[in-house]
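Step one of this worksheet: look at the structure below.
The values are calculated or read from the model by the stated rules, or taken from the named source; none is laboratory data. Source: prediction; values computed, not measured. With ideal geometry, Cβ positions are generated from the backbone for all residues, glycine too; neighbour counts draw on all protein chains shown.
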Amino acid sequence: MTLPDPQARLGHPDCLGALLDRATVHWSREVALIEANRDQENVRFTFEEFRAHALPLCGWLDQEGFAAGDRAAIILTNQSKWHLSAFAVFHRGGVLVPLDFKLSGAEHVALLSHCRPRIVVVEWYLWRAMSSAEGFDALPVGAVLVTEAPANAELPAPPHVAVHRWEDCRSETLPAGPVARRREDVACIVYSSGTGGRPKGCQLTHGNYLSQLAALTQLHPLNPGHRYLSILPTNHAIDFMVGFIGPYTCGAAVVHLRTLRPEFVKAAFPRYRITHLALVPMVLKNLAAGLHTRLDELPPVKRALFQALVGVNRVLSRGRPNPRLARRLLSQVHDAFGGHLEAMFVGGAYTEPDTLRFFHDLGIPVANGYGLTEAGTAITLDRLSPPRPETVGAPLPGIQVEIREPDDDGVGEVAVKSEMVMRGYLDDPELTAETIVDGWLLTGDLGRMDDGHLRLFGRRKNMIVTEGGKNVYPEDVEVAFEGIEAEEFCVFAAHFLWPGQGTGERLLLVARRDAAPGAPTPSAADTAAFLRDIEARNRRLLDFKRVGGVLLWSDDFPRTASMKVKRPVLADEIRARFPSPDGAVETVA
C-alpha cells in the first residue's frame with residue numbers, strides 16, 4: 001500500500017519555514033497544540049490559531065532586523081511558546097539552536113558563547129540562573145526574550161544586550177510570507193548529548209530534516225486526529241522531529257504538559273486520547289515495572305486468567321503487536337493508556353529486549369530505534385513485522401549502514417551514509433574531518449548486521465581487548481545482569497576507574513541499590529543475596545566476560561538528556577570518593 005506523502009500535500013517545500021507555514025494553512029481547522037498544567041488547560045490552538053499567534057512574533061523579528069541565516073537559541077521547557085518561537089525563527093529564515101533547559105546556568109552561558117546567537121528565547125528562572133554565571137556580562141548575543149517573568153521583576157541584562165519580555169514582542173505589521181532557504185542551508189545547530197568540555201554543535205540542514213521526515217512518515221504516518229504526548233524535551237532530536245515537525249506536517253496534534261508528575265501524565269492519556277509518544281528506555285522500563293507490580297497484586301485466579309489472555313493475544317497476533325485485538329483481550333491494560341494508544345517510540349540509549357517483549361505481548365507496539373544527533377534523528381527503526389527486540393531495527397529508507405573492520409564475530413564500527421548526515425560541527429573542521437570521512441559518518445558505536453537488522457554492542461572507546469586477544473564490550477556484558485535487584489548499574493573496566501593501580505583487565509559492576517523512600521535500607525543479608533545473584537549470573541558468561549567485583553554506589557548516576565549514563569563523569573565521581581579499589585570493591589567469583 002502506498003502511503004500519502006505529507007510533503008507532497010504541501011508542495012515539497014525546500015525549507016522548514018515554508019513547510020510549517022503551508023501546514024498551518026493546509027490543516028487550518030485541525031487541532032495543532034494543547035498545553036495543560038495539572039488539571040488546567042492553558043492553550044488549545046487550531047493550526048489557524050497557532051499561525052495567528054506566531055505571525056506577530058515573526059513581524060517583531062523583522063522589525064528588529066533578524067535576517068536569514070541569523071541564529072536564535074531557545075531554552076524553554078515543553079510548552080506552546082517553544083513551538084511558536086521555533087515557527088517564527090524558521091519563518092524568518094533563521095537558524096534554530098535548541099538548548100537543553102536542564103543544563104546549569106554556567107553551561108548555558110558556555111554554549112551561547114560558542115554559537116553566538118542573534119536572539120535568545122529563555123524562561124525566566126533559567127535566565128536568572130545564567131545571570132549569576134561567570135561570563136554572563138560578556139554574552140555575545142543581540143537580544144533576549146524572557147518568558148513568564150513576574151510583572152514587577154527587573155530583567156538582568158548584560159552590557160549592550162537588549163532584554164525584552166517575550167509576551168511584549170509583537171508587531172502589527174505581519175510578514176507577507178516565509179523567507180526562502182535552500183535545502184543545503186543550515187536549519188539547526190544541535191549540541192550533541194555527549195558534549196563534554198569540547199562543544200559539539202551539529203549543523204543540520206533543511207535537507208537533512210526533510211529527508212528524515214520523508215523516511216519516518218513513510219514508516220509511521222501521522223494523520224489528523226492523532227495526538228502525540230510530548231514527554232521528552234523538545235530540544236531533544238527525537239521530540240523535535242516526532243513531537244514538532246512530524247505532527248505539524250501531518251495535521252496531528254501535540255500535547256504539552258507543564259508538569260510530568262506521574263498522576264498528571266497518567267490522566268493525560270484518556271483525557272486527550274493519546275495515540276503516540278516517544279520515550280527514553282529508563283521511562284519505558286519504569287512503565288513496565290509499574291505494570292508488573294499491578295499484575296503481581298492481582299488475586300491468583302485473575303492473574304492466571306490474565307496470563308492466559310496474554311498467551312491468546314500472542315498466538316492470534318502471530319508475535320506482531322496488534323492494538324485493536326489487544327484492546328479487546330487485555331482491555332484493563334489498554335484502558336490504563338487511555339484506550340487509543342497506537343505506537344510508542346523508544347531510543348537514545350540501550351533498551352532491554354525483555355522490556356520490549358513485555359509490551360509487544362500486551363499488544364502495545366514499541367518501535368525501538370537507534371540514532372545520533374549527527375544523523376538527524378533516527379538511523380534504524382524496528383518495523384515490528386515481526387519485532388526484533390534484540391536489535392535496534394533496520395536502516396531507514398535512504399540510509400546506508402556499513403560495518404567497518406569487523407572482527408571474527410562480524411562486530412565493527414557502525415558507519416552511516418545518507419542525505420540525513422549533518423554538514424559538520426560548528427567551527428570545528430578538525431573534528432568534522434575525523435567524524436565524516438568520504439561522506440560516511442563514523443558513529444563510534446560497535447555493531448553487527450543480523451539479517452538486515454543492526455545489533456549494537458557498545459561504544460568503540462569503551463571496548464577492552466584482553467591479553468588473549470578477545471574483544472569485550474562492557475555494554476554487552478550488562479545484558480547478562482538485567483533484572484538484578486538494583487535501581488541502576490553499569491560495567492567498567494577496572495583500569496578505566498583506577499589507571500596504573502594494578503587492576504589489570506578485571507571488569508567491575510557498579511550498582512546503586514538504594515531502597516525506595518521510606519523503605520528500610522537493604523540489610524547485610526540482602527547485600528549477600530545480591531552478590532550471590534551476581535556470581536550465579538557470572539557463571540553463565542564466558543570467562544573473559546565475567547565481572548571480578550562489585551562496587552556499591554549510593555548516588556544517582558549522572559545521565560545525559562537521553563538518559564545515557566555519563567560514564568566518564570561517573571568514573572570521576574568514583575575516583576574522587578574511592579582513590580583506590582582497596583576496600584571499595586566486593587570481590588565476586
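Residue-level check: of (1) within 25 Å of the chain's Cα centre (by Cα); (2) farther than 22 Å from L295 by Cα, R318 misses just (1). Here A584 meets the list (1) more than 30 Å from P233 (Cβ to Cβ); (2) part of a helix (DSSP H, G or I) almost entirely, failing just condition (2).
State all residues of the stretch 442-477 that are modelled with pLDDT under 90, surrounded by 18 or more Cβ atoms within 10 Å (Cβ to Cβ) and of a type in the set (D, E); if no residue qualifies, say none. Result: E475, D476. Taking the stretch 153-237 as the region of interest, the strands (runs of 3 or more DSSP E) fully inside it that hold 3 or more residues being in contact (Cβ under 8 Å) with a residue 60 or more places away in the chain, within 26 Å of Y370 (Cβ to Cβ) and aliphatic (A, V, I, L, M) are 186-191. Among the residues making up the stretch 139-152, a single one is more than 19 Å from F101 (Cβ to Cβ) and either among the charged types (D, E, K, R) or not in a loop (DSSP other than H, G, I, E, B) (or both): A143. Applying the condition of being under 23 Å from P522 (Cβ atoms) and surrounded by 13 or more Cβ atoms within 10 Å (Cβ to Cβ) to the stretch 560-582 and asking which residue is farthest from the chain's Cα centre (by Cα) yields P581. Out of the residues in the stretch 489-505 meeting the condition of being at pLDDT below 80 and farther than 19 Å from A576 by Cβ, tell me which one is farthest from the chain's Cα centre (by Cα). Going through the qualifying residues, I end up with G502.
Taking the criterion of being out of contact with any Gly (no Cβ under 7 Å at 6 or more places or on another chain) and in a strand (DSSP E or B), the residues of the stretch 393-412 that qualify are P395, I399, Q400, V401, E402, G412.
Checked against the criterion of being assigned by TED's automatic domain parsing to the domain that holds V346, under 30 Å from P221 (Cα atoms) and out of contact with any helix residue (DSSP H, G or I) (no Cβ under 6 Å at 6 or more places or on another chain), the candidates A415, A433 yield just one match: A415. Return the residues of the stretch 152-209 that are under 24 Å from E419 (Cα atoms) and hydrophobic (A, V, I, L, M, F, W, C); say none if nothing qualifies. V179, A180, V186, A187, C188, I189, V190, C202, L204, listed by residue number. Taken together, the residues in the stretch 250-303 that are among the polar types (S, T, N, Q) and within 19 Å of A367 (Cβ to Cβ) amount to 2. Among the residues of the stretch 238-264, those identified as at pLDDT 95 or above and part of a loop (DSSP other than H, G, I, E, B) are G251, A252. Counting only helices (runs of 4 or more DSSP H) that sit wholly inside the stretch 1-75, those with at least 3 residues that are modelled with pLDDT of 95 or more, in contact with a helix residue (DSSP H, G or I) (Cβ under 7 Å, 6 or more places away or on another chain) and surrounded by 18 or more Cβ atoms within 10 Å (Cβ to Cβ) are 16-26, 47-63.
For the structure I just gave you, tell me whether T521 is buried (at least 16 other Cβ atoms within 10 Å of the Cβ), polar (S, T, N, Q), at pLDDT below 90 and more than 23 Å from S104 (Cβ to Cβ). Judged against the criteria, T521 is not a match. Which condition from (1) surrounded by 22 or more Cβ atoms within 10 Å (Cβ to Cβ); (2) touching a helix residue (DSSP H, G or I) at 6+ places or on another chain (Cβ under 7 Å); (3) within 20 Å of G339 (Cβ to Cβ) is the one that C202 breaks? Going through the list (1) surrounded by 22 or more Cβ atoms within 10 Å (Cβ to Cβ); (2) touching a helix residue (DSSP H, G or I) at 6+ places or on another chain (Cβ under 7 Å); (3) within 20 Å of G339 (Cβ to Cβ), C202 breaks only (3). Being crowded, with 20+ Cβ neighbours inside 10 Å, at pLDDT 95 or above and either of a type in the set (D, E, K, R) or assigned to a strand (DSSP E or B) (or both) is not true of L508. From the list E413, E405, E390, the lone residue that is charged (D, E, K, R), surrounded by fewer than 24 Cβ atoms within 10 Å (Cβ to Cβ) and free of Cβ contacts under 8 Å to residues at least 24 places away in the same chain is E405.
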